[in-house]
Amino acid sequence: MHRRDAIKKVALLLGGAFSAPTLLAMNRWEQVALFDESNFTLTDLQRKIVAEIAELILPKTSTAGAKEAGVPAFIEMMLKDCYAKPEHLSFMEGIAALEQDKFLEMTATVQTERLKKVEAETKTLMKSGFKGVPFWRLMKELTLLGYFTSEVGVKSSFEYVQIPSKFELTKLKPNQKAYAY
Amino acid sequence: MNLNIDAKKKNSYDAIVVGSGMTGGMAAKELTERGLKVLMVERGREVKHVTDYETAMKEPWDLQHRGKVSTYAAEERWANKRFWGLVNEETDKFFTNDTENPYVEKRPFDWIRAYHTGGKSMHWGRQSYRWNKQDFEANLKDGNGVDWPIRYEDLEKWYTHVEKFVGISGQAEGLDVLPDGHFLPAMPMTMPELHFKKMLKEKLNRPVTIGRVANLTQPQKVHTELGRGTCQFRNKCPRGCPFGGYYSSISGSIPAAMRTKRLTILHDSIVSELIYDEKKGKATGIKVIDQKTMQMEEYFAKIIFLNAGSMNTAALMLHSKSNRFPTGFGNDSDQVGRNIMDHHLGVGAGARIEGFEEDYMFGQRPNALYIPRFRNWGSDKQSYLRGFGYQGGASRDDWNRGVQADGFGATFKEDLTKPGSWSIRIGGFGEVLPNPNNRMSLDADKKDKWGVPLIVFDAAFGENELTMRKDMMQSAVEMLDTAGFKDITSFDYPTHLGLGIHDMGTARMGRDAKTSVLNAFNQVHACKNVFVTDGAAMTSSSCVNPSITYMALTARAADFAVAELKKQNLK
């Protein structure tokens, strides 16, 4: 089957019409690295885009950002190991749209605006009964998971307690961080 | 000839216990402590307390997939994964590989198994509630199933006996619907939970109590002398607890039995059949397949306890055919494998709680709230029979709230390091009626790799359960609303029998050998030296978590068995 037909068919199976980014991405599809479920992989360019987005979601501040916490590689590994074809497709669709728009060449401000737009579109998409997990949701949940369970993320974001030894009610102090266990 | 006699002698014990889980462990403890030499046979691998809890002390970042289930693990454990992501890297070694151990579903059945030392006691929910008096009378009253041959009073002292040994943290409430037990200090409720309790009492006159849970809040001598210590409030119990903070067969009953020096445990040993001696009219032993070498070996004993887990116990009985029992051991009544019950769950509601911004807690409580049954109780009358309880609780949201929240960037990141707002979630556990058409049998052709026939499930929830579920959802919404909570969302996940992991009823107790499999002391009616004391023995299901009742029945039956042996009644 022609790749584009295959994508259309999957999109139909997913129960949705093509989203705007999909239509935009159509022409890019032939150049997107071929993948199947067991062999999900990103190109170097796509990896850079994933890393930039992760860092925009959780940037370096007084504490480490997503890149320093190893989030970009974590996202790719998780997509490969824990997700199936519908998510692989929606992820590739989202990344291809950004690739086409030369995301990496945008200024940080424009990148942020662009991602806000993607977030808004995703909300609409999910409300319309989209089956599976859209690109932005995958990016966001995997960035948060990868960061807030990484060693640097846990230790710099929370008060990390390995063995609490007790359970008691307390009062929050001003600016108190959450406990992590 | 002498060789055979020697071999028989070498493989002879006073008692054989099939299974090392919740009830197998308790049977071994009670029998060895009464002086019997016991052989425990576990079909799965050996798991040693502490040293084999490989993930127990791992940091969050040590787990490659951070709690998510990989697609290959999901494929291997296709049935286990149905239980909401429990088969992740933290715990998947303690769930059975379903691909190697398949079963057949005529109608969908969620069979969750744990083939290793300790069985499902490794990762049980630890909620421990006594049955109430009416639970034992329900079948007689409404005509479903058969009457229990025992009443609450028969089990009362055995509840106390096992509660003391297991160690149950809980609050005495003086309720008829949820009889108090022997408790260690209760765990605290959070401030919004205390508010919820107060509102429900005031407005609906419904009690809310803290869960009664098998975690040691104040270990007693009986616990510390086995090396068990205080719960550390990590809430990582299903990984195995290196502190012995929660009860399992591995941390409790098996070490207690080993201490007597009268327990031998065989691992990797699948019991394929009971050996029935037609002349003596009793079961004399078991046939065992070594799951690694495929070698067959026979073992002999005066009494046999079947504690393989309800479905496997029934399968073993059905597979043990003889001239006397052509349709399966002890199956004169044709009730072996029938009347599968469970608790139906996955239905309830959640809400956001406003206020309590300054309230927080230190530590992770491995426990929840419990709302005892209020339906068809006292003056309440519903269109369906029996009832349900709820488990759940309130806590502050963590960083996961960011996934659904709008925004990203520096402020977003900073916000997620703070505790979020409070939310609450409660889910029902409903009683399932006994129905002879909910059954399992053995496949006529398909066998597993050890040549044992596969189990075929043909069972589903009935009208009573489905009607009850609607109320379970609506009542949850009503209670959260009564407490003034906001943005209430209800849920009702599609589930099947089995998912409660409280599968029971396949060799029920009863007063009449024509309609039941076991008598009032869990003896097989037609073969008194075989006892079934796992969930298979249950005549009805109540709506409370069953393990403590299984253990009480086991201790009672073991005490009886030893007395009968002494009286020479089981010769």
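The values are calculated or read from the model by the stated rules, or taken from the named source; none is laboratory data. No experiment lies behind these values; they were computed from the predicted model shown. Quick reminder, even Gly has a Cβ in these numbers, built from the backbone with ideal geometry, and neighbours come from all protein chains shown. Side chains are part of the model used for accessible areas, which takes the heavy atoms of the whole protein and leaves out ligands, DNA and RNA. Shrake-Rupley method; radii C 1.70, N 1.55, O 1.52, S 1.80 Å.
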Residue check, B:Ser421 more than 14 Å from chain A (Cβ to nearest Cβ) and of a type in the set (Gly, Ala, Ser): no
Residue match in the stretch A:94-113 (condition: within 13 Å of chain B (Cβ to nearest Cβ) and either in a loop (DSSP other than H, G, I, E, B) or in contact with a strand residue (DSSP E or B) (Cβ under 7 Å, 6 or more places away or on another chain) (or both)): no
Selected residue (only one of B:Ala513, B:Ala459, B:Ala520 is under 30 Å from B:Asn139 (Cβ atoms) and either hydroxyl-bearing (Ser, Thr, Tyr) or open to solvent by 30 Å² or more (accessible area, probe 1.4 Å) (or both)): B:Ala513
Qualifying positions in the stretch B:356-382 - at the interface with chain A (Cβ under 9 Å from one of its Cβ atoms) and not hydrophobic (A, V, I, L, M, F, W, C): B:Glu357, B:Glu358, B:Asp359, B:Tyr360, B:Gly363, B:Gln364, B:Arg365, B:Pro366, B:Asn367
Verdict on A:Glu87 being in contact (Cβ under 8 Å) with a residue 40 or more places away in the chain, over 25 Å from B:Pro366 (Cβ atoms), away from chain B (no Cβ under 13 Å) and among the charged types (D, E, K, R): no
Qualifying residue in the stretch B:201-211 (condition: farther than 23 Å from B:Ser121 by Cβ, within 11 Å of chain A (Cβ to nearest Cβ) and touching a Lys or Arg at 6+ places or on another chain (Cβ under 9 Å)): no
Test: B:Leu433 is more than 14 Å from chain A (Cβ to nearest Cβ), assigned to a loop (DSSP other than H, G, I, E, B) and more than 30 Å from B:Asn97 (Cβ to Cβ): yes
Verdict on B:Thr190 being within 25 Å of B:Gly378 (Cα to Cα) and polar (S, T, N, Q): no
Positions within the stretch B:397-418 being outside any loop (DSSP other than H, G, I, E, B), over 30 Å from B:Asp492 (Cβ atoms) and facing another protein chain (nearest Cβ under 9 Å), in sequence order: B:Ala410, B:Phe412, B:Lys413, B:Glu414
Test result for B:Leu385, crowded, with 23+ Cβ neighbours inside 10 Å, more than 10 Å from every other protein chain (Cβ to nearest Cβ) and out of contact with any Phe, Trp or Tyr (no Cβ under 9 Å at 6 or more places or on another chain): no
Count of the stretch A:142-181 residues which are open to solvent by 40 Å² or more (accessible area, probe 1.4 Å) and more than 7 Å from every other protein chain (Cβ to nearest Cβ): 8
Residue that is farthest from B:Leu63 (Cα to Cα) [pool: residues in the stretch A:124-141 that are open to solvent by 20 Å² or more (accessible area, probe 1.4 Å) and either at the interface with another protein chain (Cβ under 8 Å from one of its Cβ atoms) or in contact with a Gly (Cβ under 6 Å, 6 or more places away or on another chain) (or both)]: A:Phe130
Index of the failed condition, B:Phe325 passing every other in (1) open to solvent by less than 10 Å² (accessible area, probe 1.4 Å); (2) assigned to a helix (DSSP H, G or I): (2)
Selection count, the stretch B:505-542, where residues are of a type outside the set (A, V, I, L, M), under 13 Å from the mean Cα position of the chain (by Cα) and within 19 Å of B:Trp111 (Cα to Cα): 4
Some residue of the stretch B:549-564 being over 20 Å from B:Val18 (Cα atoms), of a type in the set (Phe, Trp, Tyr) and at pLDDT 95 or above: no
Any chance A:Lys123 is within 25 Å of B:Tyr72 (Cβ to Cβ) and charged (D, E, K, R): no
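Residues are listed down the side, and each one gets a yes or a no for (1) over 29 Å from A:Ala64 (Cα atoms); (2) in contact with an Asp or Glu (Cβ under 9 Å, 6 or more places away or on another chain):
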position: B:Glu358; (1), (2): no, no
position: B:Thr417; (1), (2): no, no
position: B:Asn437; (1), (2): yes, yes
position: B:Asp445; (1), (2): yes, no
Boolean, B:Asp534 is modelled with pLDDT of 95 or more, surrounded by 24 or more Cβ atoms within 10 Å (Cβ to Cβ) and of a type in the set (D, E, K, R): yes
Test for B:Phe491: is it exposed (fewer than 15 other Cβ atoms within 10 Å of the Cβ) and either of a type in the set (Val, Ile, Thr) or outside any loop (DSSP other than H, G, I, E, B) (or both): yes
In the stretch A:62-87, the residues that are modelled with pLDDT of 95 or more and under 13 Å from A:Met139 (Cα atoms): A:Ala66, A:Val71, A:Pro72, A:Ala73, A:Phe74, A:Ile75, A:Glu76, A:Met77, A:Met78, A:Leu79
Residue within the stretch B:83-100 that is within 14 Å of chain A (Cβ to nearest Cβ), in contact with a Leu (Cβ under 6 Å, 6 or more places away or on another chain), surrounded by 15 or more Cβ atoms within 10 Å (Cβ to Cβ) and not hydroxyl-bearing (Ser, Thr, Tyr) present: yes
Any hit, the stretch B:414-426, residues being under 30 Å from B:Glu137 (Cβ atoms), in contact with a Phe, Trp or Tyr (Cβ under 8 Å, 6 or more places away or on another chain) and open to solvent by less than 20 Å² (accessible area, probe 1.4 Å): yes
Evaluation of B:Asp481 against (1) open to solvent by less than 30 Å² (accessible area, probe 1.4 Å); (2) in a helix (DSSP H, G or I) (one fails), failing number: (1)
Any hit, the stretch B:139-148, residues being open to solvent by 50 Å² or more (accessible area, probe 1.4 Å), in a loop (DSSP other than H, G, I, E, B), at pLDDT 95 or above and small (Gly, Ala, Ser): yes
Given (1) open to solvent by 50 Å² or more (accessible area, probe 1.4 Å); (2) within 14 Å of another protein chain (Cβ to nearest Cβ); (3) touching a residue at least 40 places away in the same chain (Cβ under 8 Å); (4) not charged (D, E, K, R), number of the condition B:Val50 does not satisfy: (2)
The stretch B:66-75: number of residues that are surrounded by fewer than 18 Cβ atoms within 10 Å (Cβ to Cβ) and either out of contact with any Phe, Trp or Tyr (no Cβ under 9 Å at 6 or more places or on another chain) or assigned to a loop (DSSP other than H, G, I, E, B) (or both): 3
All positions within the stretch B:372-382 that are open to solvent by 50 Å² or more (accessible area, probe 1.4 Å) and touching a residue at least 12 places away in the same chain (Cβ under 8 Å): B:Trp377, B:Gln382
